[in-house]
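The values are calculated or read from the model by the stated rules, or taken from the named source; none is laboratory data. None of the values given here were measured: they were computed from a predicted structure. Cβ: placed from backbone, ideal geometry, glycine included. Neighbour counts: every protein chain shown. The accessibility values were calculated without ligands, DNA or RNA, using every heavy atom of the protein model including side chains. Shrake-Rupley method; radii C 1.70, N 1.55, O 1.52, S 1.80 Å.
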Amino acid sequence: MAEVAVPAPRLHARRTRSWPVTLSLLSAPLLWLLLFFLLPIGIVGAHSVGAVRLFPTDHGLGLDAWRHFFAGGSIYLGLFWKSVRMSVTASFICVALAYPVAYFLALVVRKRKYVLLLLIIAPFLTSFLLRVLAWKVILGDQGVVNSFLSSTGLRSADHPISWLLYSQFAVILVLAYVWVPFVALPIFVTLENLDRSLLEAASDLGASRWKIFWKITFPMSLPGVVAAFIFVFIPTIGEFVTPLLVGGTKGFMYGNAISDLFLNGLDWRTGSVLAVFLLAVVATLIALFGRFLQPKRLVAD
């Protein structure tokens with residue numbers, strides 16, 4: 001059947017009439033985004049340079065807070081790099097643990113793979129605080145681990161392993177525990193959409209399973225791996241709840257500093273600087289990952 005061509009003036013008029021409808025549908029979410037996202041960010045950014053004074057004791061316009069933040073002996077800048085190291089470590093652990101799970105579900109399991117995936121994710125739909133607090137029971141001085149070691153005679157009850165809790169180890173462990181199931185999702189989707197004919201062709205040509213994995217499967221799953229890494233790294237770099245519960249002073253992170261500066265009323269100007277800096281870093285990372293780590297480019301490389 002031949003297609004009926006729509007005259008250009010009529011098509012232009014139809015598009016012109018659709019604009020008010022589109023604008024009316026988008027007005028409410030755009031207004032919400034403006035009032036509760038862009039406007040607060042603008043206020044925080046303006047307060048960091050003194051353009052907005054929230055308290056009578058605030059100083060005038062200036063970059064003193066920023067100069068102090070970037071100073072050579074800045075505590076907060078060192079704390080930021082500490083948080084980066086912890087987030088990178090947690091991200092690598094999550095990807096290393098999630099990849100075998102995603103591989104098993106996507107390429108090994110034949111039936112009910114989505115049911116198994118749901119069973120893996122389901123326990124993590126419970127309260128986040130309850131799951132984190134449960135680790136305090138497991139890792140504490142009188143917790144499950146130390147009680148087991150003392151009952152088996154491997155460790156004295158008077159000398160428990162103290163670094164299991166309130167340490168960087170505890171923070172990284174709990175972050176990995178929280179994020180592993182969700183990290184498996186982008187890797188699973190990438191492996192699920194993998195062209196199986198390539199694997200069959202490589203096998204017919206005599207390639208071993210190990211060689212097929214490193215030459216075909218893993219390179220083609222890199223988009224999912226990168227997405228999984230970003231999925232963990234971006235939110236954990238500003239994490240403050242987990243370090244607050246299981247980190248103690250040794251597991252103190254950048255997000256805890258921002259929280260303390262605002263909630264305890266210590267220094268809102270410095271807190272604004274830290275928040276704007278973190279927001280700029282996250283936005284830059286998202287832009288870089290989106291620009292240079294596109295799926296087609298990863299596969300082509």
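For the reader, a short list of remarks on this structure follows.
- Exactly one residue among 182, 289, 218, 233 is buried (at least 20 other Cβ atoms within 10 Å of the Cβ) and over 30 Å from residue 64 (Cβ atoms), and that residue is 233.
- Number of positions in the stretch 107-126 that are in contact with a helix residue (DSSP H, G or I) (Cβ under 9 Å, 6 or more places away or on another chain), open to solvent by 50 Å² or more (accessible area, probe 1.4 Å) and over 21 Å from residue 229 (Cβ atoms): 3
- Flag if residue 200 is charged (D, E, K, R) and either in a helix (DSSP H, G or I) or closer than 19 Å to residue 109 by Cα (or both): yes
- Residue count for the stretch 236-251, restricted to those that are part of a helix (DSSP H, G or I) and either open to solvent by 60 Å² or more (accessible area, probe 1.4 Å) or modelled with pLDDT under 90 (or both): 1
- Within this structure, residue 79 fails the test of being within 23 Å of residue 189 (Cα to Cα), part of a helix (DSSP H, G or I) and open to solvent by less than 30 Å² (accessible area, probe 1.4 Å).
- Of all residue pairs spaced 6 or more apart or on separate chains, those with beta-carbon atoms under 7 Å, a first member in the stretch 18-46 that is within 30 Å of residue 280 (Cβ to Cβ) and a second member that is among the aliphatic types (A, V, I, L, M) are 41/279; 43/52; 44/275; 44/276; 45/276; 46/52.
- Considering the stretch 31-63, the residues that are more than 26 Å from the chain's Cα centre (by Cα) and closer than 15 Å to residue 276 by Cα include one that is surrounded by the most Cβ atoms within 10 Å (Cβ to Cβ), namely 47.
- Every pair of residues 6+ apart whose Cβ atoms lie under 9 Å, when the first sits in the stretch 83-106 and is surrounded by fewer than 19 Cβ atoms within 10 Å (Cβ to Cβ) while the second is hydrophobic (A, V, I, L, M, F, W, C) and outside any helix (DSSP H, G or I): 84/237; 88/237
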